[in-house]
Amino acid sequence: MTVMYQHGTLANLVPGGFEGTMTLEALLTHGDTGIGTLEGLDGELVILDGTVYQVTAKGAVLTPPATATVPFANVHPAAFAPGQPFAAGGMADAVRQFVTAIGSVNRFAAVKLTGRFQTVSARAVKAQVAPYPSLVATAADQAVFDRSAVSGTLIGYFAPALYGGMAVPGFHLHFLAADHTFGGHVLDFGAVSGTLAVQRFADVQLHLPDAPAFLARDLGGDDVLGQIAKAEGSQK
Ligand SMILES: [Zn+2]
């Protein structure tokens with residue numbers, strides 16, 4: 001039974017808790033597949049086969065050093081069920097089919113869709129410097145990239161709505177083009193055909209930061225779910 005591992009919480013990002021609190025090297029000991037962001041919300045991470053790709057707000061795809069740190073990330077050791085042929089008319093249709101494929105909205109799951117997408121719209125947040133602004137202010141300044149006729153991998157997680165605050169409720173999806181020239185946090189996509197693999201988790205490990213800034217922060221004063229929905233645009 002594999003464990004979905006999460007470092008940090010979305011709720012901590014809401015008031016600007018963007019300090020990196022775990023190295024990529026340490027993160028990768030908990031899985032070879034995942035998503036996240038770097039210190040300062042410097043771009044969007046896609047982790048595939050043990051390699052961490054960073055999509056920056058300039059649209060570049062980099063491979064950050066193992067010493068780079070994350071304020072938030074999800075990883076798991078890939079042990080996906082055998083892939084199934086998949087086709088959808090767009091994101092809403094795909095998300096409905098993802099729910100059917102994961103079988104229940106009461107447990108966490110990972111989805112990995114590899115295929116050809118008619119269009120993908122993805123965003124990357126811009127690196128911020130301390131003292132950090134709020135998540136909503138940061139997201140308002142994001143860079144959005146659109147690509148047509150793109151092959152690549154959509155990777156992400158489903159979190160039951162009741163865990164909103166810990167995670168993005170519903171699906172939190174990132175994308176990396178097969179040629180590594182495009183990607184980010186997925187806002188929308190068009191028709192797609194490819195292969196869908198899912199991995200379900202009965203076990204979730206939430207690892208919280210030791211950083212003094214995290215320990216001292218008041219996380220009770222914000223409209224956490226409203227701010228997350230505004231900044232992350234969760235797909236249910
Ligand atoms: Zn994201």
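Within region 82-99, residues that are assigned to a helix (DSSP H, G or I) have Cβ atoms under 9 Å from residues that are surrounded by fewer than 17 Cβ atoms within 10 Å (Cβ to Cβ) and of a type in the set (Lys, Arg) in these pairs: VAL95/LYS236; VAL99/LYS236, counting only partners at least 6 apart in sequence or on another chain. Test THR29 against the criterion of being more than 14 Å from the ligand (Cβ to nearest atom) and free of Cβ contacts under 8 Å to residues at least 40 places away in the same chain, and give yes or no. Taking the combined requirement at face value, the residue satisfies it.
Taken over region 48-60, residues that are buried (at least 20 other Cβ atoms within 10 Å of the Cβ) and either farther than 24 Å from ALA167 by Cα or free of Cβ contacts under 8 Å to residues at least 40 places away in the same chain (or both) amount to 2. Scanning region 164-214 for residues that are in contact with a strand residue (DSSP E or B) (Cβ under 8 Å, 6 or more places away or on another chain) and at pLDDT below 95 returns MET166, ALA167, VAL168, PRO169. The criterion of being closer than 22 Å to LEU38 by Cα, in contact with a Phe, Trp or Tyr (Cβ under 8 Å, 6 or more places away or on another chain) and either polar (S, T, N, Q) or surrounded by fewer than 17 Cβ atoms within 10 Å (Cβ to Cβ) (or both) does not hold for SER134. Residues in region 175-199 that are within 12 Å of the ligand (Cβ to nearest atom) and touching a Leu at 6+ places or on another chain (Cβ under 7 Å) were compared, and the one that is farthest from VAL125 (Cα to Cα) is PHE175.
The values are calculated or read from the model by the stated rules, or taken from the named source; none is laboratory data. All values reported here derive from a predicted model rather than from experimental measurement. We place every Cβ from the backbone using ideal geometry, glycine too, and count neighbours over all the protein chains shown.
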